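The next block holds one structure in the form of structure tokens; read it before the comments.
The values are calculated or read from the model by the stated rules, or taken from the named source; none is laboratory data. All values derive from a computational prediction rather than experimental measurement. Neighbour counts run over all protein chains shown; Cβ positions are idealised from the backbone, glycine included. Only protein heavy atoms, including side chains, enter the accessible area calculation; ligands, DNA and RNA are left aside. Shrake-Rupley method; radii C 1.70, N 1.55, O 1.52, S 1.80 Å.
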Amino acid sequence: ITGKSRHLDNLYLQSVMTLTFLKRLTLELLPNMNRDCLKGFFSNAQSLSVLEELILFCVDGLQFNDECVGLIAKNCNKLRVFLLFNCPFVTDPGFSQLGKLLLLERLTVIRCVNLTKTGLVEVMGCE
């Protein structure tokens, strides 16, 4: 399983947390997902500890925010590839936490309207 699924709800997200050896995960995060469930998912160090690739598609209205990014930076220490798409509640302070991901090789950010060049430069260490 690559984890690629559509139309996840809170129950499905909770079941994904039980998969402890995922290396690649693609999630479409829907507006009806509970923010506490998202925080619980990204706080689950056991299921995220070997994750190397994470692709997140945020559907309009989802409260995926700086706190969630911080949890990813804290618990996904093997992450090499991270794509973040359409996450308007992620800002520079939250995004800067990705600098903790020492193995990160590829970072793609699309339509995250509250991120600035300054925030990107801080994470990547280049201009």
Of the numbered conditions (1) modelled with pLDDT of 90 or more; (2) on the phi < 0 side of the Ramachandran plot; (3) over 10 Å from the mean Cα position of the chain (by Cα); (4) not β-branched (V, I, T), R111 fails exactly one; give the number of that condition.
(2)
Test Q97 against the criterion of being in a helix (DSSP H, G or I) and of a type in the set (S, T, N, Q), and give yes or no.
yes
Report whether or not P88 is surrounded by 16 or more Cβ atoms within 10 Å (Cβ to Cβ) and either part of a helix (DSSP H, G or I) or more than 11 Å from the chain's Cα centre (by Cα) (or both).
yes
Any residue at all in the range 108-126 that's assigned to a loop (DSSP other than H, G, I, E, B), under 19 Å from M33 (Cα atoms) and open to solvent by 30 Å² or more (accessible area, probe 1.4 Å)?
no
Please work out which residue is farthest from V16 (Cα to Cα), limiting yourself to the range 41-74 and to residues that are out of contact with any Gly (no Cβ under 7 Å at 6 or more places or on another chain), in a helix (DSSP H, G or I) and open to solvent by less than 20 Å² (accessible area, probe 1.4 Å).
A73
